[in-house]
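Report on one structure; see the data block that follows.
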Amino acid sequence: MEFLVIGLIFLILLLLMVWRPFFKQKTEQVSVSGNLRDETNVRLYHEHKQEIEKDYRENRMDEENYQYLLAELDNTLLQDIESTAKADNVAIGMGKKYSPFWPLGLSVFIIIFSVALYNKQGSYKLITELPAGHGQQQAMSADKMLKQREIQAMAHIEKLQQHIEATPEDSEAWYNLGQTYVAVGSFDEAIAAFTQVMKIEGEHADLLGAIAQALYYKNDQQINVQVQEYIDKALALDVNDASTNILLGMHNFIGENYQSAITYWQRVIDANNQGVNIEALTEAVAEAKNRLGNFASNSAGNQASNSAANSASSSAASSKNEAKDTSGPQLKVSVSLSDDIAKQLAQGEDRVVFIYAVPTNGQRMPLAAVKMKASDLPTVIVLNNSQAMSSEHTIGSVDNVHVYAIVSMQGGVGIKSGDYKAEALGIDVNRTETLELIVNKLVE
């Protein structure tokens, strides 16, 4: 009974949140709502960071996975900050009154969705009962939450499309539609929506920055000629445009160019643009400065110890994998270099190779990852649960994955311009045949 009372209270509070803007209709609430979302994002960021650091201290992940996971966590926080800033700026600029049909429609949707979800998950007894396989279900909770978010996002897209059919000149609805498309990975549709906003309102820096962001993610987080063109246009209109500078800072942070990331983010902080969470962005700058300092202090020691570490890496990785869980899928991957690339790499230093699998739903955190040297190729590896960065995100938690083999020319994680790659998309994790990957493409 207590569970039902809590659920009912939560539902009432949710409905009050939906109706509150309609009754107040003050533009100041936009920034308040944005700050609340940003505070939640920062709080979740610190919680997740503590979990990662705990796993690292308890030797449940190695240094490479630890640094990669921190970079992905910082990347996610900055994307949330940018998304909140864009939504707040558009809402502030529009200054339109809320229609009663929106809160009414959302209220009906929330009630129907809550009842349907309760019926689907089972009765009160089944919800409150602790099943025998509770540990396994807990490990799958993150994937279920992601699927629920996708369902909610698609429902929101459908409602926005219906609204746009009735009021095609509503630029705010078009902008929200574009942001939702970016969230679900439909980047072409997002670009089309942002372009429609420019047709209605004209060319603005934040809209050009939004298109640049969608193109950036469509291009596997690479800044090509087209992305750079939109970035240049946005900065030409407003050199302090928050969305564009945050994007450039994030790109440089991922590429471990911390000084450049600090420069772009500091520009936004100094401009003090309305709708930007300066506190969260200041924390991001502090993190970049911290990593920049660590990089400078550790570079000399790393150079002295690299040769010894590389000679022991194979045996260390082997013993570590034996200590971890090797149950679940065993995806065999054969990795080799094309003749042309092998000749080019033979003329320089031995490069780092990352072989990893990511979910097909657009999430960038690897479910399994292996690091080796280009001189170790060709080779056959097995991707399984033992190589996961987190116990909640393993290759056994999904049905299909995208598999990548990246020869990193800079030695860092991620796919960067100048790297060589091979990819196989939509691979069944339970396949028995060996997957063939031949590194033969240059990342531009």
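Please treat every number below as a calculation from the coordinates, not as lab data. Fair warning: this is a prediction, and the values are worked out from it, not measured in the lab. Glycine also receives a Cβ, built like all others from the backbone with ideal geometry; neighbour counts cover every protein chain displayed.
Kirkwood radius and radius of gyration were both taken over the C-alpha atoms of segment 324-442, and their ratio Rg/Rh is 0.96. One Cα centroid belongs to segment 232-258, the other to segment 170-205; the line between them spans 19 Å. Summary of packing: across the peptides 344-352, 224-232, the per-residue average of other C-beta atoms within 10 Å ranks them, highest first, as 224-232, 344-352.
Each Lys or Arg adds one and each Asp or Glu subtracts one; over the other residues with Cβ under 15 Å from the Cβ of Gln344, this totals -1. Placing unit charges on the Cβ atoms only, positive for Lys and Arg and negative for Asp and Glu, gives segment 324-442 a dipole magnitude near 220 debye about its Cα centre.
Measure up Lys147/Lys218; Lys54/Lys441; Lys49/Lys199; Lys233/Lys416; Lys49/Lys218 against 31 Å on the Cα-Cα distance and list the ones that go over. Mind dumping the intermediate values first?
Details: Lys147/Lys218 21 Å; Lys54/Lys441 38 Å; Lys49/Lys199 42 Å; Lys233/Lys416 23 Å; Lys49/Lys218 27 Å.
Check vs 31 Å cut-off fails for Lys54/Lys441; Lys49/Lys199.
For Gln226 and Gln410, compute 0.36 nm times the residue count separating them, minus their Cα-Cα distance, and round to one decimal in nm.
Here the answer is 63.9 nm.
Here each label is just a point 7 Å from Cα along the line to Cβ, and for Asn290 and Ile200 those points are 4.1 nm apart.
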